[in-house]
1. Averaged over C:87-93, how many beta carbons belonging to a partner chain fall within 10 Å of each residue's beta carbon?
2. Given the rule -39500 (n - 2.57) for each run of at least 4 DSSP H residues, summed and divided by the residues of chain C, what is its mean residue ellipticity at 222 nm, to the nearest 500 deg cm²/dmol?
3. Decide, for the protein assembly as shown, between rounded, prolate and oblate: order the square roots of the alpha carbon gyration tensor eigenvalues as a ≥ b ≥ c, take rounded if a/c falls under 1.5, and otherwise choose prolate if a/b is larger than b/c, else oblate.
4. Please state the equivalent ellipsoid semi-axes for the range C:1-75: what are the square roots of 5 times the Cα gyration tensor eigenvalues, largest first, in whole Å?
5. With Rg and the Kirkwood Rh both taken from Cα atoms, where does Rg over Rh land for chain C?
6. Calculate how large, on average over all directions, the projected area of the Cα convex hull of the range A:1-56 is; give the answer in nm² to one decimal.
7. Can you give the net charge of the other residues whose Cβ lies under 11 Å from the Cβ of C:Phe68, counting K and R as +1 and D and E as -1?
8. May I ask for the distance between the Cα centers of the range B:11-73 and the range C:206-285, given as a whole number of Å?
Amino acid sequence: MGKTYTRPNSMKDVLTHYCPGCGHGMVHRIICEVIDELDVRETTIAVAPVGCAVLAYDYWNFDTTEAAHGRTPAVATGIKRIHPDKLVFTYQGDGDLAAIGTAETIHAGNRGENISIIFVNNGVYGMTGGQMAPTTILGQITATSPYSRRSEKEGFPLKIMEMMAVLPGVTYLERTMLTSPKEVIKTKKAIKRSFKRQLDKKGFSMVEILSPCPTYWGLSPLESIKRIENEVVATYPVGVIKEDK
Amino acid sequence: MGKKKYKLKIDRERCKGCLFCAEACPLKALSISDDVNGRGLKYVVLSSPEKCTKCGLCVVMCPDCAIEIVEEE
Amino acid sequence: MRRSKIKYLSTGNEACGEGALRAGCRFYAGYPITPQNELTAYMSRRMEEENGTFIQAESELAAINMVFGASVAGARAMTSSSSPGISLKQEGISYIAGAELPAVIVNIMRGGPGLGNIAASQSDYFQATKGGGHGDYRSIVLAPATVQEMFDFTYDAFSLADKYRNPVMILADGMLGQMMEPLAFDDNIKPSGIIPKPWALTGAEGREPLSAKSLRLGSGKNSLERHNEWLQEKYKNIERSEIKTELYKTDDAAKIIVAYGSPGRIGRSCVDTMRDDGDAIGLVRLKTLWPFPYAEIRKLAERGCEFLVVEMSAGQMVEDVRLAVQDDNKVSFYGRMGGGIPEEEVIIKKLKNRG
């Protein structure tokens, strides 16, 4: 058995624009590894978000479309209804999924659309300069919460996965993080589980991945993953939130 | 019985110097160089190649597909 | 093949839906809003019969984006709404235009602005023809005036949308949507204008992967400027080929009513009444609002005609007529706002009073 490891075939041979230590690079790579392992590159159609990963179609070696901000699950719904046997997944950040796109997220889940949602949660709006996100934790300083996030003025961090869990159409939810090889491997397992469930027509699933944003957390990449372990995970605990048979 | 030999290959142009690999390496075989690549970023080098067991934990952490494990020619 | 003609009494809304289905539309997403609810309900029943997809979406926003998805996947897709809901769809329409996807959007107009009322209106002309959404784009806009045309124009809309990879809007009003008239078509009618869609996302089997986008951050030939230049070229092609107008008794007319949709019907009635009286009146009834028949109207203006533009609005299309005529003394306007219906007597009086 070979011990070689090379860039997955589903990942294009280009340099990405992501910052050093950004979680997007890791999640892109893991998704591409899973697609290679499941041998579904030619039958995958992905929906990219508005956010730092808006250019994901420049990095992925499979059919990808853009979507208007937050409407990603609606676009995915349209695609999946036309191509029910293809692997259709969305890739979204916290603004896309839990702010402007809250209704689309919930209703795609409520309809039980047989799609996979990959939710990269880094607690800020990176692309637009580090503004507060619905998932920004209490006490966190951002471009639009310069006095820190205070519950009485800025509300609480939104736990959308926990909210989605009550919907019978939602069949698998797992939250993971990118803080160590062990956790990254768990993240890959979760994504693979979600994609396999979709191919087995088991319905809607979502994987939330706690991801570092060194640039807008004002930390080094290594400090960022420590912050996830020491602070973020207290608000967003990792693990399986729901898994139907 | 010829055992296959593998080696670590780091693409310095892909590397952004985040150091996730260096942190993950159980034997601390990787560290940041003083040199910069074409994008002005310091990149990681296998500073202690004799320690490397090709366990692949560095590869698991790399956000940029900068590290590969290939067969030694 | 024996033609099996169907003829039955139908509402405009349902005729529109049937026209879509006969054109091969197999994806519909919509949200309830008066006065087009009959169309949404009709699609919920008929789509299932045709093994298509019907989704009552969570909002008009979601619906237009579902249409984006179905269209990018290669299907003929449609959504419908009425004025306030069409406002919500503008972002999606801009994206559809920018990504060059075919889509059919039906607006059964009601009174505005804001929540307005549920009566018929034509106050979305600007929104439909001048953009509505952001950016330099155009939707092809078709203006039916009968229940039969609700079927025919919707049927044609899908071929146009596919041919030009562009959004096509059916701009009707609440009266047309809810009135009942005979509808006739061949039961064996097949979808027309079916062309290959090599750009559709179907999975990268046996080909390079494709991406669909309206975002253009590149430079040179990949720049947004270059993309817009291509879009403008496309729109010029559409202007050259797709204008459709009905000229009713204009050959010897001294005064001409210019109207579309329901006022078009009223205008025709006025022409008939006044011709009986010996007046040389004609009607220009627009079937396409964009592209707009500037040349045809200019030709009539050069002959010395005077124009009375009749709309159910504060006066929106009249601006394009003025642009065509280039002489404000020759163009007058009569309109009713907020759901009012223009009256034949008023139109006739205005035409007689103009000397």
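1. Working: counts 0, 0, 0, 0, 3, 5, 0.
Across the residues of C:87-93, the mean count of other-chain Cβ atoms within 10 Å is 1.
2. Values: 12 runs with 142 residues, N = 355.
After summing the helix terms and dividing by the residues of chain C, the value is -12500 deg cm²/dmol.
3. Values: a/c = 2.46, a/b = 2.37, b/c = 1.04.
Prolate shape, in that a/c is at least 1.5 and a/b is the bigger ratio.
4. Values: eigenvalues 108, 54, 16 Å².
Working through the eigenvalues yields semi-axes of 23, 16, 9 Å.
5. Working: Rg = 20.6 Å, Rh = 20.9 Å.
Here the Rg-to-Rh quotient is 0.99.
6. Details: hull surface 19.0 nm².
Its average projected convex-hull area is 4.8 nm².
7. On the way: positive: A:Arg71, C:Lys89; negative: A:Glu66, C:Glu91.
Local charge sum for C:Phe68: 0.
8. 61
None of the figures in this text is laboratory data; all of them are computed from the coordinates on show. This is a predicted model, so every value here is computed, not measured. Backbone-built Cβ (ideal geometry, glycine too); neighbour counts: all protein chains shown.
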